[in-house]
1. May I ask you to list the aspartates and glutamates whose Cα is less than 16 Å away from that of A:Lys46, ignoring any residue fewer than eight positions away on the same chain?
2. For the stretch B:376-497, just say rounded, prolate or oblate: build the C-alpha gyration tensor, square-root its eigenvalues into a ≥ b ≥ c, call rounded for a/c under 1.5, and beyond that prolate if a/b exceeds b/c, oblate if not.
3. Which of the three applies to the stretch A:85-324, rounded, prolate or oblate, going by the alpha-carbon gyration tensor with a ≥ b ≥ c and a/c under 1.5 meaning rounded?
4. With a cut-off of 8 Å between alpha carbons and a minimum separation of six or more residues, what is the relative contact order of the stretch B:104-365 in percent?
5. Answer rounded, prolate or oblate for the stretch B:60-143, using the Cα gyration tensor with square roots of eigenvalues a ≥ b ≥ c: rounded when a/c is under 1.5, else prolate when a/b is larger than b/c, else oblate.
6. So which lysines pass the test for B:Lys498, namely a Cα distance under 17 Å, with those fewer than 8 places away in the same chain ruled out?
7. Kirkwood hydrodynamic radius (Cα pairs, Å) of the protein assembly as shown?
8. Take peptide B:126-135, look around each residue's Cβ out to 10 angstrom, count Cβ atoms belonging to other protein chains, and average those counts.
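A short reminder: the numbers here are calculations on the coordinates, not readings from a lab. Treat the numbers as computed from the prediction; the structure is a model and nothing was measured. Cβ placement follows ideal geometry from the backbone for every residue including glycine, while neighbour counts extend to all protein chains displayed.
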Amino acid sequence: MRYLPLSKNAHDEMLEEVGASRIRDLYKDVPSSALLDDIVDMPHHKGEIEVERELSAMAAKNRSAGDGPFFLGAGVYYHHVPASVDYIIQRSEFLTAYTPYQPEIAQGTLQAVFEFQSFIAQLTGQDIANASLYDGSTACVEAALMAMRITKRRKVSIGTPLHPEYRKVLDSYMGNLGDVEIVDGEPDEETACVIVQSPDFLGNPHAYDLWRKRCDETGALLVVVITEIVSLGLLPAPSEADIVCGEAQSIGIPMSYGGPHLGFFACREKFLRQMPGRLCGMTEDADGRRGFVLTLSTREQHIRRDKATSNICTNQGLCALAFTVHMSLLGETGVRQLARLNHEKACALADALEKIKGVEIENKNFFNEFVVSLPKPANQIVDELVTLDIIGGLALDGNRLLVCATEMTRDEDIERLVTALRKVL
Amino acid sequence: MSAELKQFEEGFQQEMREGNRGLHYEESLLWEKEYSERSGVDLPQSSGIAVRTGLPERGDIGLPQVSEPQALRHFVRMSTWNYSIDHGFFPLGSCTMKHNPRLNEKAARFAGFSHIHPMQPVSTVQGALELMYELQNWLGTLTGLPGVCLTPSAGAHGELAGLMTIRRAHEVQGNTARKVVLIPDSAHGTNPATAVMCGFTVRNIPTGPDGRLTVEAFKEALYKGDENGADIAGMMVTNPNTCGLFERHIVEIADLLHKAGGYFYCDGANFNALVGRVRPADFGVDVMHINLHKTFSTPHGGGGPGSGPICCTEELAAYMPVPTVVKKGDDYIFETKEDRETSLGTLKAFQGQFGMFVRALSYIMSHGADGLAQVSGDAVLSANYIMAKLSEDYHVPFEGPCMHECLLTDKKQKSFNVTTLDIAKALIEYGYHPMTVYFPLVLSGTMLIEPTETESKDAVDRFIETMRQIAQDAQNKGEAYFHALPQSSPRKRLDEVKAARNPVLKWKAS
């Protein structure tokens with residue numbers, strides 16, 4: 001087996017050193033009822049050629065976004081990832097390093113995390129950001145939990161249409177706590193936080209001033225959730241918020257059937273000690289040279305155990321690196337241009353769809369996705385489009401379809417969708 | 001450092017932080033570089049149409065900007081400051097730093113895996129579901145626990161999923177008075193943190209004198225609140241435990257727990273010792289998580305992404321999170337909350353860290369049932385070999401055999417005022433990543449060494465020689481020598497107190 005270097009000779013020498021005649025002797029603490037006599041009944045090892053063939057056969061059964069027109073968004077987006085991003089994250093030094101607990105030999109990872117935190121803070125207009133969380137849905141839960149810790153209240157309001165998967169995750173976590181109420185609408189005097197997704201699940205961008213006002217009146221915290229982080233290159237920063245969190249997959253990370261993605265979490269500095277997840281901070285070494293370390297770990301589980309702010313110990317290190325590399329490539333003008341391009345593609349898609357008889361655009365405003373109402377059930381249309389090799393969007397209730405365009409959307413993709421819709425409607 | 005060299009270093013720090021000496025590079029933050037006119041990405045020109053967002057267009061964000069070669073150089077230079085498994089031996093206990101095969105990376109990047117969307121019609125992603133189904137099947141077989149849910153994002157998330165499954169089972173069965181979770185004092189910090197997140201209270205089980213649980217101590221904890229253990233929801237035990245030892249009384253302990261009506265959650269962090277040889281179901285486990293980033297080689301990536309699927313008994317499978325993949329005729333479909341109403345629900349948007357599933361299955365297929373059994377055997381053999389070879393120079397607190405990692409302490413070195421931290425920093429000086437230090441907490445000055453099956457005997461022997469050298473140095477060179485280590489790494493010891501006292505968490509213009 002090519003991954004296992006211990007030779008027969010090495011085995012014998014090592015067994016002799018430890019005073020065992022065979023490896024099984026080293027398992028003498030394992031009750032015999034729990035020790036297998038034989039290897040499990042599954043296929044044996046395979047060479048690289050064979051494994052690669054089998055896996056590529058599985059991959060070939062999937063219709064990938066690059067195979068043809070693709071209009072699905074809804075919290076996960078098909079964007080371009082520059083080749084340099086993938087090269088950097090595949091460097092051994094980043095890919096095969098551990099969490100930077102030994103900072104003297106992990107400054108590469110640590111400086112990248114520091115830059116990641118800086119990028120997120122700037123994009124979200126917040127004071128501070130952590131080193132990342134699992135994904136947008138769990139980041140949203142962590143925001144609600146943090147707001148509950150700060151306000152000592154047990155009610156969460158959903159202010160604008162929240163991604164249904166995020167809502168399900170929120171329900172499961174809060175259901176587990178038993179005494180938390182989740183309601184739709186405005187915050188009141190018992191509300192820990194109001195969650196405002198923008199653009200919301202249906203694609204509508206929101207202003208935050210009125211939400212801020214309601215929060216100031218009631219003492220609730222304003223949590224802004226962003227599932228399409230590219231939008232922050234065009235829409236105003238949610239600097240009025242107390243917490244801004246969500247999903248940053250759009251920059252540097254492929255869709256990968258839903259993960260690994262990149263949860264981000266930013267907030268006001270005054271909430272620093274209530275924040276979940278890892279933080280990287282600047283310091284000096286024994287010679288006074290600048291360096292970085294993981295810091296404020298007294299909030300975390302390995303120190304606080306049952307009194308920790310969260311049980312989280314990992315972040316999404318390599319995904320945060322991919323984001324950071326892509327952001328550094330885009331730069332100030334690139335981020336804004338990318339956002340504008342997404343919006344313009346969506347405008348072109350809206351203009352084209354609107355011309356189809358019986359099709360209406362529901363949104364007055366949008367960033368890169370919006371809801372169209374069709375004269376037929378949307379799930380039926382999605383299936384019919386699949387037969388024409390078009391991934392047409394996400395079927396919502398009834399005749400409503402959520403469609404998305406990004407910089408990857410070509411004019412001919414839009415033409416093909418329009419032609420197909422004319423045919424199936 | 002000579003005065004001259006110090007002056008030189010201060011010079012470039014104050015100016016650009018971009019100097020280098022031989023292959024030792026300095027590198028500034030992106031924000032400290034000159035703003036380039038050129039973005040590192042060429043995008044099509046925008047048409048400049050009026051926006052339809054209903055909101056004012058965002059002004060300057062204040063981001064840095066560099067061209068592509070500048071960006072690439074920035075990260076490549078930074079990368080040279082990292083130690084990694086591809087650099088050398090990485091004996092970090094409980095972390096299973098094994099070889100990360102590049103075939104796995106290649107497969108995860110097949111367009112049919114990386115460019116598919118989690119909400120695509122299931123008919124267009126049958127290959128992805130097939131892959132998940134295969135992985136579920138392997139994990140179910142290797143653990144003997146047939147209910148598999150792949151969605152948890154990491155070990156701690158898997159723990160949460162496992163404990164929530166237990167909580168949900170008690171809830172559905174009407175056992176709401178069961179609020180206590182038993183946890184050994186040697187457990188990972190995530191265990192108690194997770195129990196509390198589920199609304200449970202934690203009761204400690206003290207570790208016995210041989211580094212293992214004793215039936216007596218377990219009974220005492222089990223019946224402490226109620227003579228029949230009617231307040232017990234379950235227990236969380238890592239097995240092999242964090243002292244690197246297999247809990248030899250585990251079957252008896254699990255029986256007592258089950259009789260009292262509790263469920264056995266096993267932290268799967270140390271599954272690399274068991275894979276292919278011991279099925280946790282056979283020692284009484286009801287639910288456990290598997291760290292794909294440990295046992296099944298998905299890269300640690302400098303701190304994630306991980307992946308922590310859970311495996312459970314058929315009984316508990318009714319309560320575990322959704323979705324899971326099932327096969328119906330020739331088709332693969334998702335089982336959701338609508339199909340399994342007793343499920344606790346969803347713990348993460350979509351289907352989990354799918355990219356990690358591809359890598360893990362690639363690893364599993366490459367090894368096969370035979371190779372996986374060799375993985376655990378080689379890992380256990382190496383750890384025992386290290387323990388035997390170092391037992392004269394270092395204090396071995398517990399009698400073996402150990403499993404895939406061995407525990408030492410600094411008891412012998414402390415008489416020379418050299419501590420575990422010093423030994424770790426000396427290892428850095430000698431070109432190694434240190435072992436896990438000061439964990440577990442059951443003794444002072446612990447050092448947990450996990451070699452994994454990745455290391456050749458030659459590599460293990462060289463590590464042993466280095467450890468012996470350090471033990472010699474502790475006797476001969478004195479504490480001052482150690483306190484100044486490491487000297488040759490990109491940075492010397494860093495001031496963590498300063499970082500915490502005055503947190504600087506992002507770039508600020510000075």
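1. By straight Cα distance, A:Lys46 reaches A:Glu54, B:Glu134, B:Asp370.
2. The shape class here is prolate.
3. Prolate shape, in that a/c is at least 1.5 and a/b is the bigger ratio.
4. Relative contact order for the stretch B:104-365 comes out at 29 percent.
5. oblate
6. The qualifying lysines are B:Lys506.
7. It works out to 28.4 Å.
8. The shielding value for this peptide is 4.
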